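What follows is a set of notes on a single structure, which appears directly below.
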Amino acid sequence: MALVLAFGLSTEPLALGIALSVLIYMAMFSSGAHFNPAVSFAYFLRRNMTFRMFLGYTASQLLGAFAAAGIILMVTHSVFFVEPPTSTNLYQQATVEVFLSFLFVTAYLNLINNSNEESLRINALGVGLTLTACLMIGVNISGAYMNPAMSISTSIIDFWAERGKSFESIPLFTVAPLTGGALAAIMHWYTSD
């Protein structure tokens, strides 16, 4: 929820990366700090969580993102939703979303998966800076959202409040990040075991 609020209220990549670092540090030992279904999907594929847990995490992420999108609407009187830039085509957008999601989830798996309390501070910062880099690289090509929960939930609010058409981007911002997460899980499986 807090990460979607940050995205909706600020487009500054460094602010978003620092916000993620703080959230990871706060939630790592209570929930695993999964704020993105692509990360949870990678954990499921790595057999670090059951399918039932994956569904529970994803449902929580969707509900949190939905609540955040509603709060943004209430506070700003405008709808926050995710859409790719019109200056690029679907193939460019999908390629970049898969690549950036792969980078982000790989960083997450490598830095957070084996963190103890002492290393978590620096590792959480590493993941936050990875998000910052991904945003800076991809914002002009795909939008660099990399989060299916954010796409689905904000599109529902957009359609409900303004009859917007951001729901047309749900396949891009769902399939591409999950694919990137799956590729990261496969690479992590081969390189860490």
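Of the residues Thr88, Thr58, Thr132, which exhibits the maximal mean-square fluctuation in a Gaussian network model of the chain defined by a 10 Å Cα contact cut-off?
Thr88
Given that just one value was derived from the coordinates, which of (1) 12.7; (2) 10.2; (3) 12.1 is mean projected area of the Cα convex hull in nm²?
So the structure-derived entry is (2).
Kyte-Doolittle cut-off 0.5, length cut-off 24 Å along the helix's own axis using Cα: show which whole DSSP H helices in the chain pass.
For the chain, where a helix must reach 24 Å along its axis and average at least 0.5, the hits are 13-31, 51-76, 90-111, 117-138, 170-192.
If amide hydrogens are placed 1.01 Å from N in the peptide plane, which non-local residues have theirs closer than 5 Å to the one on Val82?
Ser155
Counting each DSSP H run of 4 or more residues in the chain as -39500 (n - 2.57), what helix-only mean residue ellipticity at 222 nm follows after dividing by all residues, to the nearest 500 deg cm²/dmol?
-25500 deg cm²/dmol
Quick one: how many Å² of Ser87 are accessible to a 1.4 Å probe, rounded to 10?
100
What does the extension gain come out to for Thr86 and Ala27, with contour length at 0.36 nm per residue minus their alpha carbon separation?
17.6 nm
What is the percent carbon and sulfur in the accessible area of the chain, measuring with a 1.4 Å probe over the protein chains and ignoring ligands?
Of all accessible area on the chain, carbon and sulfur atoms account for 67 percent.
Give the Kirkwood hydrodynamic radius (Å, one decimal) of region 91-193, defined as one over the mean of 1/r across all pairs of different Cα atoms.
Kirkwood radius, region 91-193: 14.5 Å.
Can you put Tyr57, Tyr25 in order of accessible area, largest first, using a 1.4 Å probe?
Tyr25, Tyr57
Is the C-alpha gyration tensor of region 58-133 telling us rounded, prolate or oblate? Criteria: a/c under 1.5 is rounded; beyond that, a/b larger than b/c is prolate, otherwise oblate.
Note, shape of region 58-133 comes out oblate.
Find the accessible area per residue for the chain; the probe is 1.4 Å, ligands and nucleic acids are left out, and the unit is Å².
50
Determine how large the accessible area of Phe102 is when every protein chain is in place; take a 1.4 Å probe and give Å² rounded to the nearest 10.
Accessible surface of Phe102 is approximately 50 Å².
Name the residue farthest towards the positive end of the dipole of the chain from the options Leu131, Ala65, Thr191, assuming +1 on Cβ of Lys and Arg, -1 on Cβ of Asp and Glu, about the Cα centre.
Value computed over the given set: Thr191.
Within the set of other residues whose C-beta is less than 13 Å from the C-beta of Ser166, count the net charge using Lys and Arg as +1 and Asp and Glu as -1.
-2
Tell me, how many Å apart are the Cα centres for region 46-89 and for region 96-152?
What the calculation gives is 15 Å, centre to centre.
Would you work out if region 105-163 is rounded, prolate or oblate? Take a ≥ b ≥ c from the square roots of the eigenvalues of the alpha-carbon gyration tensor; rounded if a/c is under 1.5, else prolate when a/b is larger than b/c, oblate otherwise.
Verdict is prolate for region 105-163.
Probe radius 1.4 Å, ligands and nucleic acids left out: which of Leu90, Leu183 has the largest accessible area, and how do the rest follow?
Sorted descending by solvent-accessible area, the residues read Leu90, Leu183.
Hey, got the dipole for the chain? About the Cα centre, +1 on K and R Cβ, -1 on D and E Cβ, debye to the nearest 20?
280
The values are calculated or read from the model by the stated rules, or taken from the named source; none is laboratory data. Source: prediction; values computed, not measured. So basically every Cβ, Gly included, is an ideal-geometry build from the backbone, and we count neighbours across all protein chains shown. For the accessible areas, the whole protein counts, side chains as well, though only heavy atoms, and no ligand, DNA or RNA atoms are used. Shrake-Rupley method; radii C 1.70, N 1.55, O 1.52, S 1.80 Å.
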